[in-house]
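Undergrad: Okay, here's the structure, questions in a sec.
The values are calculated or read from the model by the stated rules, or taken from the named source; none is laboratory data. Being a predicted model, the structure only gives us computed values, none of them experimental. Note that we place each Cβ from the backbone using ideal geometry, even for glycine, and neighbour counts take in every protein chain shown. All accessible areas refer to the heavy atoms of the entire protein, side chains included, with ligands and DNA or RNA removed. Shrake-Rupley method; radii C 1.70, N 1.55, O 1.52, S 1.80 Å.
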Amino acid sequence: MISSCGGDNVDNEEVIVTPTNQAPNTFLLLTVNDQSKNIDLKPTLTWDASTDPDNDPISYDLLLDNNSNPNTIIASNIEGTKFTFDSFLQSEEVYYWKVIANDGNGNSTESSVFSFTTIDLFTITDVTTDLLSPVGLAFNGDDLYYSEVDGYKVSKVNVSEENPIATDVLTELITGRLAFSGSELYISQPQANLLSKTDISVATPIISPVILGSNGPTALAFNGNELYVAAPDVNKIRKLNISSTTPAFIDVLQLEFGPRPDGLLLNGNDLYIALRVGNKIVKIDISEKEPVLINVATGLSGPTALALDGDILYIAEYEGNKISKIDVSSNSTTVTDVKSGLSGPRELALYGNELYIAEYDGNRISKINVH
């Protein structure tokens, strides 16, 4: 308060000066560090607390986008000094971020701008190498079973271990694709026109035939006790009841000449079929007596295997040497490339966030993190 007195004939006046409300003090961004690389797709960003000269309560706005001076508000009125994303950022993107401190009286102070680059989600990693034409993959718990056509065997590796060591399960065996029903491992043997099985729960698994004369069976998919089998040599999808004492094939679908079904995946009543020569993915409803083919994905390059993660269908394109994907809940039949530069991907298997790939021509099992 400032008082002043006038001269004669001037009334005494009291002048009150109201202090100007000041903006919050400057503060620093902390993490993630500026220009960081390979940052998680759901990062936590932190900053120092700002102080206010007038002791006003402070809240923060977080801005983040691909502009060098970001202007997109991701979150506002943050009371603390950190923010964790609950949805994924884009892979291999450069993001810029800053924080604005607000005092509630219209005053604010901006931080500096930091940047970071998110991780390459689809980095390829070797699981096991020096194989001989791997073609089949199937998980039983943490154990990944895989078959080698030119190695004439089925082996397994525990993928939960940091440095897993492969163990042979069956040797001196003509092999193909793999599928589990409980502890029984089913093996298609196209070169022998045979479908076989073994019980992996015993100390020394022994192979036994399930059905002969299978017309070169390849992909396998279970629906309870019903085993669906792709028979590309006759362009058919067949099934058999594994609980029967004398299993017999029942034709489910006769395809037109030439498309060669080479990959199967069941999701409820939907049976997805990879047509290797037809260069597309189709599906049928197995509950229908006369199922109708529906196009799911077209314009492919030798699709041979499928894996489903929610609504995302991953596709191994053997001739295209890549993995692609499509959202099966959409109406589009156009796929998006996920990972190229592979060497003859023939089979896929999901394990949590990881997609395992049998690279037939590359003689290895590899994996990518898909989310």
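Undergrad: Take the residues of segment 76-115 that are of a type in the set (D, E, K, R) and assigned to a loop (DSSP other than H, G, I, E, B): which is surrounded by the fewest Cβ atoms within 10 Å (Cβ to Cβ)?
TA: As a first pass, look at segment 76-115 and keep what is of a type in the set (D, E, K, R): 79, 82, 86, 92-93, 98, 103, 110.
So of that shortlist, the ones also assigned to a loop (DSSP other than H, G, I, E, B) come out as 79, 86, 92-93, 103.
Details: 79: 8, 86: 6, 92: 12, 93: 14, 103: 21.
The qualifying residue surrounded by the fewest Cβ atoms within 10 Å (Cβ to Cβ) is 86.
Undergrad: Being of a type in the set (A, V, I, L, M) and over 18 Å from residue 269 (Cα atoms) is the filter; apply it to segment 204-242 and report the residue that is farthest from the chain's Cα centre (by Cα).
TA: Restricting to residues being of a type in the set (A, V, I, L, M) and over 18 Å from residue 269 (Cα atoms), the top hit is 212.
Undergrad: Which of the residues belonging to segment 158-176 are more than 19 Å from residue 203 (Cβ to Cβ) and among the β-branched types (Val, Ile, Thr)? Break it down into steps so the answer makes sense when it comes.
TA: Step one: list which residues in segment 158-176 are more than 19 Å from residue 203 (Cβ to Cβ), which gives 159-164, 174-176.
Of everything in segment 158-176, those that are more than 19 Å from residue 203 (Cβ to Cβ) and among the β-branched types (Val, Ile, Thr) turn out to be 159, 174, 175.
Undergrad: Among the candidates 178, 121, 131, 173, which residue alone is open to solvent by less than 30 Å² (accessible area, probe 1.4 Å), under 24 Å from residue 264 (Cβ atoms), of a type outside the set (Gly, Ala, Ser) and in contact (Cβ under 8 Å) with a residue 60 or more places away in the chain?
TA: Just a single option satisfies the conditions, and that option is 131.
Undergrad: While we're here: Output the number of the condition that residue 41 fails; it satisfies all remaining conditions of (1) open to solvent by 20 Å² or more (accessible area, probe 1.4 Å); (2) part of a loop (DSSP other than H, G, I, E, B); (3) farther than 16 Å from residue 28 by Cβ.
TA: (1)
Undergrad: I would also like to ask the following. So which residues in segment 277-310 are β-branched (Val, Ile, Thr) and under 16 Å from residue 347 (Cβ atoms), if there are any at all?
TA: Answer for segment 277-310, where residues must be β-branched (Val, Ile, Thr) and under 16 Å from residue 347 (Cβ atoms): 281, 304.
Undergrad: Can you pull out every residue in segment 98-127 that is in contact with a strand residue (DSSP E or B) (Cβ under 7 Å, 6 or more places away or on another chain), at pLDDT 95 or above and polar (S, T, N, Q)?
TA: Passing the criteria: 102, 108, 109, 111, 112, 115, 117.
Undergrad: Right, another one. Take the residues in segment 22-38 that are surrounded by 15 or more Cβ atoms within 10 Å (Cβ to Cβ) and assigned to a loop (DSSP other than H, G, I, E, B); name whichever of them is farthest from the chain's Cα centre (by Cα).
TA: 23
Undergrad: I've got another one for you. Tally time: how many residues in segment 141-156 are free of Cβ contacts under 8 Å to residues at least 60 places away in the same chain and either basic (Lys, Arg) or in contact with a Leu (Cβ under 7 Å, 6 or more places away or on another chain) (or both)?
TA: Here the count works out to 9.
Undergrad: State all residues of segment 335-359 that are open to solvent by 50 Å² or more (accessible area, probe 1.4 Å) and either polar (S, T, N, Q) or not in a strand (DSSP E or B) (or both); if no residue qualifies, say none.
TA: Result: 336, 340, 341, 352, 353.
Undergrad: For segment 116-144, give me the residue count where each residue is under 17 Å from residue 368 (Cα atoms), of a type outside the set (Ser, Thr, Tyr) and not in a strand (DSSP E or B).
TA: Qualifying residue count, segment 116-144: 6.
Undergrad: Given the residues 188, 201, 147, 155, which is the only one that is of a type in the set (Gly, Ala, Ser), open to solvent by 20 Å² or more (accessible area, probe 1.4 Å) and modelled with pLDDT of 95 or more? Walk me through how you get there before you give the answer.
TA: Values: 188 fails: open to solvent by 20 Å² or more (accessible area, probe 1.4 Å); 147 fails: open to solvent by 20 Å² or more (accessible area, probe 1.4 Å); 155 fails: open to solvent by 20 Å² or more (accessible area, probe 1.4 Å).
Matching residue, one of 188, 201, 147, 155: 201.
The rows are residues; the columns are (1) free of Cβ contacts under 8 Å to residues at least 24 places away in the same chain; (2) of a type in the set (A, V, I, L, M); (3) surrounded by 14 or more Cβ atoms within 10 Å (Cβ to Cβ); (4) in a strand (DSSP E or B).
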| position | (1), (2), (3), (4) |
| --- | --- |
| 263 | no, no, yes, yes |
| 274 | no, yes, yes, yes |
| 284 | no, yes, yes, yes |
| 295 | no, no, no, yes |
| 300 | no, yes, yes, no |
| 307 | no, yes, yes, yes |
